[in-house]
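Colleague: Would you mind keeping the following structure in view while I ask a few things?
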Amino acid sequence: MAKYNQFDSPIPGQSLTDTPGNYPWEHSPNINKVEDAMMYLMERFTEEENAENLASMLKAGIPVEAIARVILFAGFTEGKWSVDLAVLIGEPLMKLIAAVGARLGIKEMYISMQRKKKTNVGDEMIVRNEVSKSMEKIEEELSENSEDKEEKEPMPTGLMAKEEIE
């Protein structure tokens with residue numbers, strides 16, 4: 001086994017001297033619309049081999065979020081879509097993976113990479129809705145408390161202070 005040499009690495013700025021366009025992600029992406037990207041992914045999941053692989057990963061306990069992240073990153077590195085589009089299709093892709101898993105008969109699966117136990121997909125949606133409602137209540141209370149604090153605190157003064165509009 002070769003010994004690790006900490007000095008055997010690129011020097012800072014070396015990537016800036018490479019010829020532009022060497023990598024697929026440095027070119028225009030093949031897919032530019034969310035709808036087109038989701039149709040492409042849906043077509044891929046309907047292929048028998050891909051569906052079997054997805055089912056085996058979900059049965060093995062690999063979270064839906066992890067599978068989605070790998071697919072999104074692979075699509076970006078292959079030049080299929082941009083980083084921006086990958087962010088936009090992240091949530092719909094996770095929903096698609098969960099739906100395909102449910103369609104394949106997987107009753108319980110990991111949704112988030114932070115979960116320690118398997119969850120029922122329907123229960124997961126109910127819990128997420130309840131958490132959203134609770135978060136809205138907390139945000140309302142915080143905004144009410146912050147309004148009270150703003151009245152007590154003096155306005156900052158100085159050259160860069162925000163002007164008060166009355």
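Colleague: When you scan the range 103-128, how many residues do you find that are under 21 Å from the mean Cα position of the chain (by Cα) and either modelled with pLDDT of 85 or more or assigned to a loop (DSSP other than H, G, I, E, B) (or both)?
Modeller: Qualifying residue count for the region: 10.
Colleague: Further question on the same structure: Select from the range 39-61 the residues that are under 13 Å from residue 94 (Cβ atoms) and at pLDDT below 90 and list them in ascending order.
Modeller: Initial filter on the range 39-61 (under 13 Å from residue 94 (Cβ atoms)): 41, 45, 54, 58.
Of everything in the range 39-61, just one residue is under 13 Å from residue 94 (Cβ atoms) and at pLDDT below 90, namely 45.
Colleague: Pairs, please: C-beta under 7 Å, at least 6 apart or cross-chain, first residue at positive phi and in the range 9-21, second in a helix (DSSP H, G or I)?
Modeller: Once the first residue is at positive phi and sits in the range 9-21, no partner that is in a helix (DSSP H, G or I) comes close enough.
Colleague: Under 7 Å by Cβ, and 6 or more places apart or on different chains, what pairs join a residue from the range 75-100 that is touching a residue at least 24 places away in the same chain (Cβ under 8 Å) and on the phi > 0 side of the Ramachandran plot with one that is assigned to a loop (DSSP other than H, G, I, E, B) and not small (Gly, Ala, Ser)?
Modeller: Taking only residues 6 or more apart or on different chains, the pairs are 79/27; 79/29; 79/30.
The values are calculated or read from the model by the stated rules, or taken from the named source; none is laboratory data. Quantities reported herein were computed from a predicted structural model and do not represent experimental measurements. FYI the Cβ positions are ideal-geometry reconstructions off the backbone, even for glycines, and counts take in every protein chain you see.
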